[in-house]
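Take a look at the structure below.
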Amino acid sequence: MNTLISLITIDGTVTTAPVLTHDNLVEFVVVDDSAAEFVVRIGLHELGGHVTPGARVVASGAEGWVIPGRSWRDEPSRTILQAHDVQLRSLAFAA
């Protein structure tokens, strides 16, 4: 059995406050410049900076399945990004 992992990097704006899940992961939504929405998931201890709504971030990781949107809430579908690296954009360009 072959499994294809698609690694991607997104650059966008955080739109929700990070939430800690029961698996000790932090989840938050990022919208990129093409208006695509991603649910970024990363381990609590791997999160590189203080992420808040409105912050610009660059996130890299494995693209996962799509969470269907709820039309009755005008919510778009979101792609899961199992991130291995999340950096605040201002810090990413300073390096």
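The values are calculated or read from the model by the stated rules, or taken from the named source; none is laboratory data. Here the structure is a predicted model, which means the values were calculated and not measured. Quick reminder, even Gly has a Cβ in these numbers, built from the backbone with ideal geometry, and neighbours come from all protein chains shown.
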Practice item. Within segment 54-61, identify whether any single residue is modelled with pLDDT under 90 and on the phi < 0 side of the Ramachandran plot, and answer yes or no. Key: no
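Which of the residues belonging to segment 15-24 are touching a Leu at 6+ places or on another chain (Cβ under 7 Å) and without any contact (Cβ under 8 Å) to a residue 24 or more places away in the chain?
In the first step, residues of segment 15-24 are kept if they are touching a Leu at 6+ places or on another chain (Cβ under 7 Å); the result is 20, 24.
Across segment 15-24, the qualifying residue is only N24.
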Check your understanding: Which of the residues spanning segment 1-14 are in a loop (DSSP other than H, G, I, E, B) and either within 11 Å of the chain's Cα centre (by Cα) or in contact (Cβ under 8 Å) with a residue 24 or more places away in the chain (or both)?
Key -> I5, S6
Review point. Of the numbered conditions (1) among the basic types (K, R); (2) without any contact (Cβ under 8 Å) to a residue 12 or more places away in the chain; (3) surrounded by 13 or more Cβ atoms within 10 Å (Cβ to Cβ), R70 satisfies every one except a single condition; which is it?
Key: (3)
Practice item. Please determine, by comparing only the residues of segment 62-81 that are touching an Asp or Glu at 6+ places or on another chain (Cβ under 8 Å) and of a type outside the set (G, A, S), which one is modelled with the lowest pLDDT. Key: P76
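Regarding D32, is this residue free of Cβ contacts under 8 Å to residues at least 24 places away in the same chain and under 24 Å from D74 (Cα atoms)? Steps first, please.
Details: free of Cβ contacts under 8 Å to residues at least 24 places away in the same chain: yes; under 24 Å from D74 (Cα atoms): yes.
Taking the combined requirement at face value, the residue satisfies it.
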Check your understanding: Do you know which of the residues in segment 35-54 that are crowded, with 17+ Cβ neighbours inside 10 Å and either of a type outside the set (V, I, T) or more than 9 Å from the chain's Cα centre (by Cα) (or both) is nearest to R89 (Cα to Cα)?
Key -> V51
